[in-house]
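Taking it in order: structure first as structure tokens, then the write-up.
The values are calculated or read from the model by the stated rules, or taken from the named source; none is laboratory data. The structure presented is a predicted model; accordingly, all values stated were derived computationally and were not measured. Quick reminder, even Gly has a Cβ in these numbers, built from the backbone with ideal geometry, and neighbours come from all protein chains shown. Ligands, DNA and RNA are stripped out before the accessible areas are found, and what is left, the full protein with its side chains, is counted by its heavy atoms. Shrake-Rupley method; radii C 1.70, N 1.55, O 1.52, S 1.80 Å.
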Amino acid sequence: IDLTSFAKIEVTGPMAVNFLQRIASNNLDRPCGSIVYTSMLTEQGGIKCDLTVTRLEPNRFLIVTGGGLANHDLAWIRKHLPSDSSVVVKDISSTMCCIGLWGPRSRQIIQQVTNHDMSNKAFPYLDAQELSIGDIPCLALRISYVGELGWELYCATELGSRLWETLWNAGQQFELASVGMGAFDSLRLEKGYRLWGSEIDTEHNPFEAGLEFTVQLDKKEFIGKAALKLMKSKGIDKKLCCMTLNDPTAVIMGGEPILDGDMVLGYVTSANYGYTIKRTIAYGYLPNDHASEGTVVDIEYFGERFKASVEREPLYDPTGGKLKN
């Protein structure tokens, strides 16, 4: 899949790590080559940005976020820059293309066109390494928004078509397919991955959204920490839930009300058909007393009600073995 639309932001400078630690909820002070999924929060604990941060060098980081959120996330990051020149933030989106290569045969495909060791031991999950694919210098990030083994591959924009052709030709014997954002969305919902502006935004916090693992309350002060500590002590009264429609032939689009009788519980944040699990998937926030696995609710679609059951997530590969091995 061509993911060149991703926004790429470079953060450099002698105080880069301190700056990022201050605006991100997760711990970013990790070894070079580490990829970290994190939120950036408001003072009230709402999720302002949802992105990955890769430490390329001690004082150089690569932030990747959705293409439609480039200006949104850049504005938030720049708003908190120190007044001196100790941190420099640059939008480098136009300089790099990105191609996603994922699936159970992705390692076999990429190993055909690189001398780099792509084994799980040499190139583990959430690691970033520089390599050559054919004669194309690339930055490879072993991360996946579709829940399968594979890499995000970054190279100079002018070399993007050659990178695509090199991978495409190598993958023909392995039944490689090119896909678009519809497939991308379906796969991410089967894996339970959140999307900013749908499942998460400033109206929701990481505890409600099931993103507790992106929060490190034991690190030094960061924006939103005080609010999150208070939330953790008080508890939450709603949570993001995964549901599937009981009728395998029924389809919804997202945005529909979720009901229990005449009581509106919430609305569908995202929906798509899961081609692996062969059911329609819906996500939405539900009150705690409706958030238990097996609870049945109604989703109303153009006046018609469909029964949906709350499921344990993720629906696909719950142990993460396909992703991490």
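Quick notes on this structure:
- Solvent exposure of the range 280-325, expressed per residue, is 51 Å² of accessible area, with all protein chains present and a 1.4 angstrom probe.
- Anisotropy class of the range 235-316 from Cα gyration tensor, a/c 1.5 cut: oblate
- Here the extension length gained between N59 and D84 equals 7.4 nm, from 0.36 nm per residue of separation less the Cα-Cα distance.
- Ordered from largest to smallest accessible area (heavy atoms of protein chains, 1.4 Å probe), the residues V264, V11 come out as V264, V11.
- Rh by Kirkwood over Cα pairs, then Stokes-Einstein D for the range 1-150 at 1.002 mPa s and 20 °C, µm²/s: 132 µm²/s
- Under 13 Å from the E130 label point (7 Å along Cα→beta-carbon), backbone N, the range 26-63: 33, 56-58, 60
- In terms of packing, defined here as the mean over residues of other Cβ atoms within 10 angstrom, the peptides 180-189, 229-238, 200-209 line up highest first as 200-209, 180-189, 229-238.
- Among the GluC sites (Glu not before Pro) within the range 249-325, those in coil by DSSP and having at most 16 neighbouring Cβ atoms inside 10 Å are E293.
- Annotation for the range 261-325 versus the range 35-80: alpha-carbon center distance of 28 Å.
- Inter-label distance for T42 and A156, nm, one decimal - labels placed 7 Å from Cα along Cα-to-Cβ: 4.3 nm
- Among K48, K121, K239, residue whose mean-square fluctuation peaks in a GNM of the chain (springs only between Cα atoms under 10 Å): K121
- For the range 31-88, the convex hull spanned by the alpha carbon atoms encloses 98 Å³ per residue.
- Share of alpha-carbon pairs per 5 Å distance bin for the range 149-201, given as whole %: 4, 13, 17, 22, 17, 14, 9, 3, 0
- Accessible area in square angstrom per residue, the range 92-214, 1.4 angstrom probe: 43 Å²
- Overall form of the range 1-50 per C-alpha gyration tensor (a/c, 1.5; a/b vs b/c): oblate
- Rounded to two decimals, the Cα-based Rg/Rh of the chain, with Kirkwood Rh, is 0.98.
- Per-residue ellipticity at 222 nm from helix content only, as computed over the chain with -39500 (n - 2.57) for each DSSP H run of at least four residues, stands at -5000 deg cm²/dmol.
- Taken about its Cα centre, the range 92-196 carries a charge dipole of about 280 debye when Lys and Arg each add +1 at the Cβ and Asp and Glu each add -1 at the Cβ.
- The GNM of the chain, with springs linking C-alpha atoms under 10 angstrom apart, assigns the highest mean-square fluctuation among C242, C155, C49 to C155.
- Estimated translational D of the range 78-136 in µm²/s (Stokes, Kirkwood radius over Cα pairs; 25 °C; 0.890 mPa s): 166 µm²/s
- Using the 1.4 Å probe convention, the accessible area of the range 21-65 works out to 32 Å² per residue with neighbouring protein chains retained.
- Taking Cβ atoms as reference points and 10 Å as the exclusive limit, the residues near H290 contribute a net charge of 0, counting Lys and Arg as +1 and Asp and Glu as -1.
- Cross-linked pairs K48/K239; K191/K322; K8/K219; K8/K191: Cα-Cα separations exceed 20 Å for K8/K219; K8/K191.
- Percent accessible area from carbon and sulfur atoms, the chain, protein chains only, probe 1.4 Å: 51 percent
- Translational D in µm²/s for the range 104-202 (Stokes-Einstein at 4 °C, 1.567 mPa s, Kirkwood Rh from C-alpha pairs): 88 µm²/s
- Shape call, the range 258-305: gyration tensor on alpha carbons, a/c limit 1.5: oblate
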